[in-house]
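Following: one structure in structure tokens, then a few remarks.
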Amino acid sequence: GGNNAGHTVVVDGKEYDFHLFPSGIINPKAISFIGNGVVIHLPGLFEEAEKNEKKGLKDWEKRLIISDRAHIVFDFHQAVDGLQEVQRQAQEGKNIGTTKKGIGPTYSSKAARTGLRICDLLSDFDEFSSRFKNLAQQYKSMFPTLEIDIEGQLKKLKGYAEKIRPMVRDGVYFMYEALHGSPKKILVEGANAALLDIDFGTYPFVTSSNCTVGGVCTGLGVPPQHIGDVYGVVKAYTTRVGIGAFPTEQINEIGDLLQSRGHEWGVTTGRKRRCGWLDLVILKYAHMINGFTALALTKLDILDVLDEIKIGVAYKLGGKRIPYFPANQEILQKVEVEYETMPGWKTDTTGARKWEDLPPKAQNYIRCVENHIGVPVKWVGVGKSRESMIQLF
């Protein structure tokens with residue numbers, strides 16, 4: 001994706017919001033790399049840098065590398081994103097609920113082979129300018145109300161080109177050397193969840209990129225044989241921002257409680273997240289696609305106050321269990337969820353630092369998830385800070 005996703009990272013009590021920066025940018029010993037699969041809005045990148053510099057982020061430009069094959073999000077892509085949402089609302093009575101960050105239109109340009117990449121920006125600027133003008137004209141003809149300050153935009157882009165030039169590398173060579181040089185730990189961070197994947201998500205209410213494990217190969221140029229462990233990150237309950245089917249959603253005081261206790265607001269849009277019980281059908285489906293080695297189960301502490309907790313274990317259509325996750329949205333709207341109910345632990349878990357510190361009923365909840373999915377839980381999160389992550393093995 002691009003700066004549509006948001007990751008909140010808390011280190012030493014300081015809270016950072018990242019959108020384009022990899023979360024590892026805080027670590028002074030780590031090299032952060034933005035791969036070719038990411039679409040980059042340059043003003044957004046520098047705005048994010050500025051915000052986080054104020055929070056104490058230093059020397060990020062010495063640790064950040066940008067792939068020269070990454071596509072560029074232009075301001076007019078963002079404007080078009082907004083216009084398309086308005087159109088959808090008018091024509092179909094519903095929009096997709098995009099972040100209006102220009103992500104969809106940029107991937108559309110990429111697929112239409114009219115997109116421009118970082119390598120084009122840093123090469124012959126006259127050639128870049130004429131291609132930029134052509135692309136802008138195409139959009140103006142499609143959206144007559146669209147206003148684009150072509151010369152002003154190009155001037156800004158020229159400035160950004162010089163700012164990022166020292167950070168840009170051939171990403172394929174960079175990754176090859178990282179994989180074959182002196183042994184390193186390489187952590188790949190995906191943005192957005194499996195159910196927002198363009199191929200496997202709840203289409204059309206999805207993002208425009210592959211958020212599943214395949215994105216490691218296509219978005220970075222890493223051969224499949226180099227993928228080692230695959231970690232699934234899942235909350236102890238289910239959330240969704242924007243519209244789309246959500247079988248375990250709780251539009252009641254349970255949903256409200258999860259929303260307020262979990263501070264469930266979209267990091268990018270500030271929209272309220274919809275909340276519901278943990279959906280193991282979705283989790284199993286995500287496992288079928290990604291093949292998790294282990295899971296990180298986060299925000300367990302949000303469930304601390306509940307008398308009883310439900311887990312969605314199966315979907316039924318016409319009273320019969322179905323062994324798959326339906327592709328079609330209309331069918332997905334109709335499924336009935338079969339739940340298992342467990343007693344709540346009614347204990348504050350935020351101080352827990354090892355497995356033994358968790359109440360037995362919370363341990364049972366975690367074991368129940370493991371048994372259904374057939375994947376071990378390696379980490380349990382009971383708070384925002386790094387100390388609040390319990391490692392089980």
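Just to verify a result, which residue in the range 77-98, among those that are part of a helix (DSSP H, G or I) and touching a residue at least 24 places away in the same chain (Cβ under 8 Å), is farthest from the chain's Cα centre (by Cα)? Applying the filter and picking the extreme gives 83. What about residue 350, is it in contact (Cβ under 8 Å) with a residue 24 or more places away in the chain, of a type outside the set (Asp, Glu) and surrounded by 15 or more Cβ atoms within 10 Å (Cβ to Cβ)? No: the conditions fail for residue 350.
Residues that are open to solvent by 30 Å² or more (accessible area, probe 1.4 Å) and either of a type in the set (Gly, Ala, Ser) or in contact (Cβ under 8 Å) with a residue 12 or more places away in the chain (or both) within the range 327-345 comprise 327, 331, 333, 334, 336, 337, 338, 339, 340, 341, 342, 343, listed in sequence order. Looking across the range 256-292, the residues that are in a loop (DSSP other than H, G, I, E, B) and either touching a residue at least 12 places away in the same chain (Cβ under 8 Å) or more than 17 Å from the chain's Cα centre (by Cα) (or both) come down to 262, 263, 264, 266, 267, 268, 269, 271, 273, 277, 291, 292. Being of a type outside the set (Ser, Thr, Tyr), closer than 21 Å to residue 149 by Cβ, assigned to a helix (DSSP H, G or I) and open to solvent by 20 Å² or more (accessible area, probe 1.4 Å), is that true of even one residue in the range 99-120? Yes, because at least one residue in the range 99-120 is of a type outside the set (Ser, Thr, Tyr), closer than 21 Å to residue 149 by Cβ, assigned to a helix (DSSP H, G or I) and open to solvent by 20 Å² or more (accessible area, probe 1.4 Å). Quick one: count up the residues across the range 171-208 that are surrounded by 17 or more Cβ atoms within 10 Å (Cβ to Cβ), of a type outside the set (A, V, I, L, M, F, W, C) and more than 10 Å from the chain's Cα centre (by Cα). Residues flagged as surrounded by 17 or more Cβ atoms within 10 Å (Cβ to Cβ), of a type outside the set (A, V, I, L, M, F, W, C) and more than 10 Å from the chain's Cα centre (by Cα) within the range 171-208 amount to 4. Considering (1) farther than 24 Å from residue 139 by Cα; (2) touching a strand residue (DSSP E or B) at 6+ places or on another chain (Cβ under 8 Å); (3) open to solvent by less than 30 Å² (accessible area, probe 1.4 Å), the lone condition that residue 51 does not fulfil carries the number (3).
Screening residue 69 with (1) assigned to a loop (DSSP other than H, G, I, E, B); (2) open to solvent by less than 50 Å² (accessible area, probe 1.4 Å); (3) at pLDDT 95 or above; (4) closer than 21 Å to residue 191 by Cβ gives one miss only, at (2).
The values are calculated or read from the model by the stated rules, or taken from the named source; none is laboratory data. On a predicted model such as this, the values are computed, not experimentally measured, just so you know. Cβ coordinates were reconstructed from backbone atoms using ideal geometry, including for glycine residues, and neighbour counts include every protein chain displayed. Just so you know, the surface numbers come from the protein's heavy atoms only, side chains and all, with ligands and any DNA or RNA stripped out. Shrake-Rupley method; radii C 1.70, N 1.55, O 1.52, S 1.80 Å.
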